1. State all residues of region 40-66 that are loosely packed, with under 12 Cβ neighbours inside 10 Å and of a type in the set (Asp, Glu); if no residue qualifies, say none.
2. So how many residues does region 84-100 have that are of a type in the set (A, V, I, L, M), assigned to a helix (DSSP H, G or I) and open to solvent by 20 Å² or more (accessible area, probe 1.4 Å)?
3. Suppose the filter is open to solvent by less than 60 Å² (accessible area, probe 1.4 Å) and touching a strand residue (DSSP E or B) at 6+ places or on another chain (Cβ under 9 Å); does GLY69 pass it?
4. Considering every residue within region 121-136, establish whether at least one is touching a residue at least 60 places away in the same chain (Cβ under 8 Å), open to solvent by less than 10 Å² (accessible area, probe 1.4 Å), in a helix (DSSP H, G or I) and of a type in the set (A, V, I, L, M).
5. Taking region 146-165 only, how many residues are free of Cβ contacts under 8 Å to residues at least 40 places away in the same chain and either within 13 Å of the chain's Cα centre (by Cα) or under 18 Å from PHE34 (Cβ atoms) (or both)?
6. If you check LEU48, LEU55, LEU71, LEU77, which single one turns out to be under 16 Å from VAL148 (Cβ atoms) and either out of contact with any His (no Cβ under 8 Å at 6 or more places or on another chain) or part of a loop (DSSP other than H, G, I, E, B) (or both)?
7. Across region 1-32, what is the number of residues that are open to solvent by 80 Å² or more (accessible area, probe 1.4 Å) and within 24 Å of ALA151 (Cβ to Cβ)?
8. So, in region 101-120, how many residues would count as being under 15 Å from the mean Cα position of the chain (by Cα) and either free of Cβ contacts under 8 Å to residues at least 12 places away in the same chain or open to solvent by less than 60 Å² (accessible area, probe 1.4 Å) (or both)?
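The values are calculated or read from the model by the stated rules, or taken from the named source; none is laboratory data. Note that this is a predicted model, so its numbers are computed, not measured. Reconstructed Cβ throughout: ideal geometry from the backbone, glycine too, with neighbour counts over all protein chains shown. All accessible areas refer to the heavy atoms of the entire protein, side chains included, with ligands and DNA or RNA removed. Shrake-Rupley method; radii C 1.70, N 1.55, O 1.52, S 1.80 Å.
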Amino acid sequence: LAISESSANEIKKFLDFDINYIFNISSACDRKIFNTHRLITPSTSISLILDSPFLLYTGAGDPRKNLKGLLEAYSLLPTKFKHIKLVLSGNLIKPEIELIDSWINFYGIEQDKVLKTGFITDDDLVVLYRSCYLFIFPSFHEGFGLPVLEAMSCGAPVIASNLTSLPELIGNK
């Protein structure tokens, strides 16, 4: 069972399976949580983020997530967009945080323009999805890409790389 057509294709390409036994069952997010209508009160720490426009990424910090590329692109924003912050939400480990901080310095980004939330609850994540100026998911490789589906379910405008499973979710390459 594969969680995307992209994953099914990888099984066909790299594993010795009879293709008649490979099925894409896709995936989904919990629509009771990730939607546009459920009333949510954000936590105090998340409320502070909502004071100004922000771009949002949520997920891990491993190399396939392409956070270096995200930070480089952020550093190249025209001056008229420099007031928009970048929020990185997810449970990053210390070496990932240190690497992200080194990229922030390398690209000359002001430290206070990039906010790292660490782990947050689903309710706070929904608030961030609903409030972001743009959700960005620049990943090099995904089996499915659940944060993209969660963000779209919450009404966020979404941009993602056009690699592996992500075009399946977004539908517009």
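1. ASP51
2. 2
3. no
4. For region 121-136, residues touching a residue at least 60 places away in the same chain (Cβ under 8 Å), open to solvent by less than 10 Å² (accessible area, probe 1.4 Å), in a helix (DSSP H, G or I) and of a type in the set (A, V, I, L, M): present.
5. Total satisfying the criteria: 6.
6. Every option except LEU55 fails the conditions.
7. Qualifying residue count, region 1-32: 3.
8. Summing the residues that are under 15 Å from the mean Cα position of the chain (by Cα) and either free of Cβ contacts under 8 Å to residues at least 12 places away in the same chain or open to solvent by less than 60 Å² (accessible area, probe 1.4 Å) (or both) in region 101-120 gives 5.
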